[in-house]
Amino acid sequence: MELKFILEAILFSAQKPLSLKELREVFASAVEHAEGNETVRLLKKTKEDQLTAALEELLKDHEAAGRSYRLACVAGSWQFVTQPDYAPWLKALVGHKARPPRLSQPALETLAIIAYRQPLTRSEIEQVRGVAVDGVMQTLVERGLVEQRGRAELVGRPMTYGTTPLFLEYFGLRSLEELPAADELRRIPVEKPASLATVDPGLATAPPEQLSAPAETSAQPEPSGPAAAQQASGQQEPSP
């Protein structure tokens, strides 16, 4: 019994995508349901690289067969999915599930910056985009596409952000390595602030006038009385 056919049966019966870790757990617990089965016992400790190789081979088999479904790996998990050409009949069968509203152009631009340069702070995102991103960031976090990754080693310790596994699922990517090349986006210089660049670290960006307030010189007291009169007339007070 070939490993790839066992995986095929598991994935066909699964109710959700399965990661390599979850597949290994299935193989480990299968021994409890097959006493005396030598094949099940031998496959109990199947390694992840063996599973990956078998899954890749199974993926190629289905692609070559040209079936109405295919094997896909999205966000590190494997599942069988139908080809888009058959969507009208499937919608008629199971109904059309309402999808969340499409992302706006500013949201897509911000998401691209985060995906290619993560982790980075909100002020760094704004340096690349050239505009404030407070509202856009809130939308991306609420949609589960972006999450907090920790704090940057900068003054004020601002929060950094990165993409989530849901981001990979949303765009049908196996991993971030499958992102299209964007060398130009990666080359845009981002200056690290030498001091706190936000009113509240990791939250709202301060207006420019608050970020770099010029140093004020101390005002000299105005002379009064006879000294003021002498200064106005250009005369100096005689020495005693």
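What's the FRET efficiency of GLU48 with ASP134 using the Cβ-Cβ distance as r and R₀ = 51 Å, to the nearest 0.05?
0.80
Lys/Arg Cβ at +1, Asp/Glu Cβ at -1, dipole of segment 1-145 taken about the Cα centre: which of VAL40, ALA64, ALA14 is farthest positive-ward?
ALA14
Which order do peptides 22-28, 150-156, 115-121, 62-68 fall in by mean Cβ count within 10 Å, highest first? Can you show the working numbers first?
Numbers: 22-28: 16.1, 150-156: 14.4, 115-121: 19.3, 62-68: 10.6.
So the peptides 22-28, 150-156, 115-121, 62-68, ranked by packing, come out 115-121, 22-28, 150-156, 62-68.
Would you work out if segment 55-117 is rounded, prolate or oblate? Take a ≥ b ≥ c from the square roots of the eigenvalues of the alpha-carbon gyration tensor; rounded if a/c is under 1.5, else prolate when a/b is larger than b/c, oblate otherwise. Walk me through the numbers before you get to the answer.
Numbers: a/c = 3.05, a/b = 1.34, b/c = 2.27.
Judged from the Cα gyration tensor, segment 55-117 comes out oblate (a/c at least 1.5, b/c at or above a/b).
Counting only residues 5 or more places away or on other chains, whose amide H sits under 5 Å from the amide H of TRP78 once H atoms are built in the peptide plane?
LEU18, SER19
Every number here is computed from the coordinates shown, using simple stated rules; none is lab data. Everything quoted here is computed from the prediction, not taken from an experiment. Heads up, the Cβs are rebuilt from the backbone with ideal geometry, glycines too, and the neighbour counts pull from every protein chain shown.
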